[in-house]
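Okay, so here's the structure we're looking at.
Quick note: the coordinates plus some simple rules give every number you see, no bench work behind them. If you're wondering where the values come from, they're calculated on a predicted model, not measured in any experiment. Neighbour counts are summed over all protein chains in view; Cβ atoms, including those assigned to glycine, are modelled from backbone coordinates with ideal geometry.
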Amino acid sequence: MNNIPHKGKVYLVGAGPGDPNLITLRGKFLLERAEVVVYDYLANKKLLQHVPAAAELVYVGKKGGGLHAASQEEINQLLVDYGLAGKRVVRLKGGDPFIFGRGGEEIEELVKAGIDFEVVPGVTSATAAATYAGIPITHRNCTASVAFVTGHEAAGKEQSDVAWDKLATGAGTLVIYMGIKNLPNISKKLIDNGRSPDTPVAVVRWASTPQQRSVVGTLATISEVVQAAKIAPPALIIVGEVVKLRESIDWFEHRPLFGRRIIVTRTREQASELVSRLEEYGAECLEYPTIHIEPVEDFSVLDQALAELGSYDWILLTSLNAVSYFFKRLHEKGLDSRALAGCKIGVVGAATADELARHGIRADLIPAKFTGEGLALALIEAGGVQGKRFLLPRALKAAETLPELLEQAGAGVTIAPVYQNVPPQGRKDELRAELGSGTVDLITFTSSSTVTNFLAMLDVKDADELRALLGRTQIAAIGPVTAETAREHGLTVTVQPERHTIAALAEAVVAHCRRS
């Protein structure tokens, strides 16, 4: 891994148009090593997850049409001051720093102060807005030229630097930044200078994000369309015949979950797969982890079992966390997978089997029904349970169905707690505000503890308050045990997959939303 020299240096990094996945590898690398991050309104805050916990975060919110947290002069001075202090600074700017991003002005001040710098390009909003609206800004059947234009010039200019008389017919496609407030005037200038009033126009707001919204009109009508749709900055204007192609190419806003807001309650460490799948389908995911996983304080039961592994016939693993913490403790005791050679291993489902395989072990048994009950019944139906010894590494608090069924069939079961679920603190007011807004479509639950901890986080007084708070928000549960826990707490489960996996849950959510 290449290292960055530890001395004062400022990196202007293009954050891209809004989707945090569109940042460059170089940009991500620099964020992961930053000591100070100076970021603005258009840089997605999810990018700050890449920043070291010890780094200083400085918000300088440059918001079009609103109050600024800092003037451009103040931002310039901040960068100079941090650079002179020997800090490694990332200036995170929406889009590309050198395309209407005032990055040139910031670099000029760094040069004057003798501070080292680097500029990392980003995906500019112009191409992103067009692409995510289904509009190719160049097309050989429509145009071979494109011009990027600002619709908002510096205040106090006596004369515009934009030659509207030449631009009106001089470029096939025009992409206009920061032009919403001046849209009526821009449209008039283009028409007055020879562009047809029937020229197609698209306006795209919050391009590449779940909040993206696009409207289409002509030069003669687009101002009225934008006003009626209440489109506000940040938005880009695309003028040209290529806009017609949106009718067949529009892809982003036609994804099955586009516009849906979904709360994901899985632990932060384990939410990525579900979030990525739901976002791939177009959903906006709101992450509210309801579980914090910690190792148990007392490993004495497991340690004793590890010392006499040869006496066990089966090891049963019922979750990803059980696999992870079991093998972590195994390694801490100076052992590895070879110590399990005399035991068969059963898992509760496909995802747990995949996690086990990462340790070089293939599961001997995966039940058709991915529950503790399903695993117990599969073992009993296979025969040979009576008189056998089973080791069950699991959560400190868990359903007792699996060990009880095995013991009733004559097996000996050692329950060895290896991890515990601890409810996270805080964010209650934020969560209640989101639900109270009436804009959350669905809440996903992936275990019984996510249900109970979520309700504890909400801190509702009674069932009536819960119903009022949830409103039209629907519930998705990964399996029957989770669904039953939800129902016991007064929730109505509307989505439940046949297979109890993250992938199946995501597919079930998509199918449900398509039906509704």
Expressed in nanometres to one decimal, the distance between label points 7 Å along Cα→Cβ at Leu365 and Lys181 is 7.0
Of 116-123, 95-102, 319-326, ordering from highest average Cβ density within 10 Å down gives 319-326, 95-102, 116-123
The farthest towards the positive end of the charge dipole of the chain, of the residues Asn44, Val275, Leu320, given +1 on Cβ of Lys and Arg and -1 on Cβ of Asp and Glu, is Asn44
Given (1) 26.3; (2) 31.1; (3) 29.9 as possible values of mean projected area of the Cα convex hull in nm², the one from the coordinates is (3)
Within the under-15-Å Cβ sphere about His139, not counting His139, Lys/Arg +1 and Asp/Glu -1 give a net charge of 0
In region 127-253 the DSSP beta bridges are antiparallel at a rate, in percent to nearest 5, of 75
Of 364-370, 108-114, ordering from highest average Cβ density within 10 Å down gives 364-370, 108-114
On the formula 1/(1 + (r/R0)^6), with r taken between the Cβ atoms of Glu118 and Arg514 and R0 of 41 Å, the FRET efficiency rounded to 0.05 is 0.35
Counting only residues 5 or more apart in sequence or on a different chain, those whose built amide H sits under 5 Å from that of Ala416 are Leu392, Arg394
Applying the gyration tensor rule to the Cα atoms of region 127-253 (axes a ≥ b ≥ c; rounded if a/c under 1.5, else prolate if a/b exceeds b/c, else oblate), the class is oblate
Rounded to the nearest Å, the spacing of the alpha-carbon centers of region 378-400 and region 26-60 is 47
Residue span Ala357 to Ser71: 0.36 nm per residue of separation minus Cα-Cα distance leaves a gain in nm of 97.5 nm
Env charge @ Thr452, Cβ radius under 13 Å, K,R +1 / D,E -1, value -1
For the Ala144, Val301 Cβ pair and Förster radius 60 Å, calculated FRET efficiency rounded to 0.05 is 0.25
In debye to the nearest 20, the charge dipole size for the chain, taken about the Cα centre with +1 at each Lys and Arg Cβ and -1 at each Asp and Glu Cβ, equals 800
Given 248-257, 459-468, the highest-first ranking by average Cβ count within 10 Å works out to 248-257, 459-468
Subtracting the Cα-Cα distance of Ala468 and Ala409 from 0.36 nm times their residue separation yields 16.7 nm
Shape descriptors of region 372-461 over alpha-carbon atoms, Rg and Dmax in angstrom, are 18.8, 57
Computed, not fitted: 222 nm per-residue ellipticity of the chain from DSSP H runs ≥ 4 (each -39500 (n - 2.57)), nearest 500, equal to -9500 deg cm²/dmol
Env charge @ Asp336, Cβ radius under 14 Å, K,R +1 / D,E -1, value +4
Simple SL model, points at 7 angstrom along Cα→Cβ for Trp251 and Val162; separation in nm is 3.0
